[in-house]
């Protein structure tokens with residue numbers, strides 16, 4: 001309605017070509033573009049905030065020591081700056097999380113996409129979203145005060161109060177919805193004709209799901225898994241609360257371990273004077289974490305493009 | 001669902017050979033889903049059981065206390081969360097929606113700068129939240145000189161959820177059929193008139209739903225705020241955007257780190273409050289989606 005009023009008010013609707021330039025429209029477009037550029041500024045901000053202290057860090061600590069020394073103790077006397085314990089802890093907790101999330105998440109996705117009744121699916125998908133919406137500090141609480149005591153009670157080997165196993169398991173459950181939801185989307189997008197062709201050849205439902213639908217949705221599933229890994233590797237609160245704040249270069253998942261994200265949180269929450277090595281250390285580890293997740297996202301995007309099956 | 005009925009009869013025709021394997025596979029799939037739900041149920045039950053006895057008015061009427069879990073409350077954390085989230089909403093929602101409008105309605109996809117913006121948003125969505133803490137610490141708190149204040153926290157969380165707001169708003173704007181725009185333009189409306197009077201009103205329910213979900217993510221976020229001064233012991237409500245603050249997830253984290261048993265139950269009770277807030281927001285989002293979503 002408003003449209004017609006303004007059209008009649010402006011008098012002659014005759015001019016097909018604009019008679020005068022519309023400055024208002026141009027200004028609006030510029031303002032909107034500015035808003036879109038905020039996201040670019042964010043990325044630049046992240047890179048700038050990381051680069052300077054990281055350079056400061058490597059001016060004082062050798063790159064070789066950073067990447068090869070197996071001891072992480074910036075507060076020790078003498079201090080040591082080997083990032084390997086933090087990296088190994090990150091890989092181990094993320095590995096445990098993947099072992100939980102990929103089988104369970106994929107199976108849930110196959111069930112929801114191929115087997116479940118539409119009514120069941122309508123209930124289950126939002127329920128999984130609930131799991132995804134729970135704050136990580138709550139998962140951390142649960143890992144520390146429920147999962148860890150439970151594991152200590154049932155597992156035969158020794159488990160410390162803070163341990164990588166409990167942290168990794170709970171991170172795994174946290175990322176199940178990512179794997180399940182994105183894989184389900186990918187599988188649902190596989191055209192019904194492929195399934196029907198498979199059934200027509202006498203294949204059972206299981207064979208169709210595993211040999212036809214899964215391969216056809218492969219690129220989407222890989223992207224989902226990598227996204228989940230990257231989320232798990234960057235997860236902070238759960239591994240900080242349940243995994244502990246102790247750098248530990250070990251493969252023993254019953255021991256406390258400090259991941260890169262947990263180190264950043266721990267060191268960053270203290271009162272560290274700007275410009276000191278301790279301050280720069282936070283940013284050096286942050287840069288490494290940032291680059292690692294960036295590489296994973298890049299690989300994920302590449303894989304999606306490489307293995308994408310296009311159906312009309 | 002013609003798709004579903006065809007395979008079922010097909011299975012019956014072919015299935016006589018290996019029904020057992022098929023059954024086992026199906027049961028394995030269902031139990032995987034069930035395990036995830038059992039975990040969720042265990043988590044919610046545990047938190048409720050632990051927190052219920054301590055869930056009373058002390059929690060929102062009293063200030064935190066280090067010594068006495070009996071009289072400790074979370075009032076400063078609850079008001080802090082309200083301050084930070086309101087400010088986050090004010091900052092990030094207009095920006096996110098504006099960016100989405102630009103990308104959907106104005107951007108020429110063949111131009112490289114528009115593609116850079118798109119790729120950049122995709123990437124930002126998967127940057128770990130702790131890295132935003134580094135951005136907040138290095139740039140917003142120190143370079144901008146905003147210190148450890150409500151505004152620093154709000155800007156950091158705003159940037160963290162900005163990609164979520166943009167992506168949700170874009171989907172909602174894209175769902176408005178082109179014929180609506182063409183009709184409006186054909187009647188002589190300018191592009192902005194078309195957007196503001198036709199496209200946006202039609203897209204608002206979807207944008208609102210996405211915005212609520214983005215804000216509920218910001219409410220539960222703790223990691224970046226650990227680095228931005230929220231861990232300090234705060235016994236007063238924030239009185240402005242430059243005030244010191246703490247938020248509910250960080251208060252919970254602090255209580256969990258205490259060794260005294262009373263704080264454990266206090267933390268559980270505060271988690272129940274946090275989850276109740278999130279449940280309320282999510283229900284509102286679902287209600288909005290079901291009530292106002294248009295099918296074209």
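The values are calculated or read from the model by the stated rules, or taken from the named source; none is laboratory data. Since this is a predicted model, take the numbers as computed values, not measurements. Cβ coordinates were reconstructed from backbone atoms using ideal geometry, including for glycine residues, and neighbour counts include every protein chain displayed.
For (1) crowded, with 19+ Cβ neighbours inside 10 Å; (2) within 14 Å of chain A (Cβ to nearest Cβ); (3) more than 19 Å from residue B:212 (Cβ to Cβ); (4) without any contact (Cβ under 8 Å) to a residue 60 or more places away in the chain, each residue gets a yes or a no:
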position: B:62; (1), (2), (3), (4): no, no, yes, yes
position: B:85; (1), (2), (3), (4): yes, yes, no, no
position: B:91; (1), (2), (3), (4): no, yes, no, no
position: B:124; (1), (2), (3), (4): yes, yes, yes, yes
Query raised in the report: Could you count how many residues in the range A:134-161 are within 13 Å of another protein chain (Cβ to nearest Cβ) and in contact with a helix residue (DSSP H, G or I) (Cβ under 6 Å, 6 or more places away or on another chain)?
Result: 13
Requested in this report: Grab the helices (runs of 4 or more DSSP H) fully contained in the range B:136-224, keeping just those with 2 or more residues being within 10 Å of another protein chain (Cβ to nearest Cβ) and either buried (at least 21 other Cβ atoms within 10 Å of the Cβ) or at positive phi (or both).
Outcome: B:150-174, B:200-220
**Report entry** Scan of the range B:51-92 for residues that are part of a helix (DSSP H, G or I), farther than 21 Å from residue B:230 by Cα and touching a helix residue (DSSP H, G or I) at 6+ places or on another chain (Cβ under 8 Å), ordered by number
**Finding:** B:51, B:52, B:53, B:54
Query raised in the report: Which one of these is within 14 Å of another protein chain (Cβ to nearest Cβ) and touching a helix residue (DSSP H, G or I) at 6+ places or on another chain (Cβ under 9 Å): A:267, A:217, A:256?
Result: A:267
Query raised in the report: Can residue B:270 be described as assigned to a helix (DSSP H, G or I), touching a helix residue (DSSP H, G or I) at 6+ places or on another chain (Cβ under 7 Å) and modelled with pLDDT of 90 or more?
Result: yes
Requested in this report: Select, from B:238, B:249, the only residue that is assigned to a loop (DSSP other than H, G, I, E, B), within 28 Å of residue B:70 (Cα to Cα) and either assigned by TED's automatic domain parsing to the domain that holds residue B:74 or touching a strand residue (DSSP E or B) at 6+ places or on another chain (Cβ under 6 Å) (or both).
Outcome: B:238
Requested in this report: Please find, within the range A:92-114, the residue that is nearest to residue A:74 (Cα to Cα) out of those that are surrounded by fewer than 19 Cβ atoms within 10 Å (Cβ to Cβ) and in contact (Cβ under 8 Å) with a residue 12 or more places away in the chain.
Outcome: A:95
Report task. Can you tell me which residue within the range A:51-86, out of those that are modelled with pLDDT of 85 or more and touching a helix residue (DSSP H, G or I) at 6+ places or on another chain (Cβ under 6 Å), is surrounded by the fewest Cβ atoms within 10 Å (Cβ to Cβ)? Result -> A:60
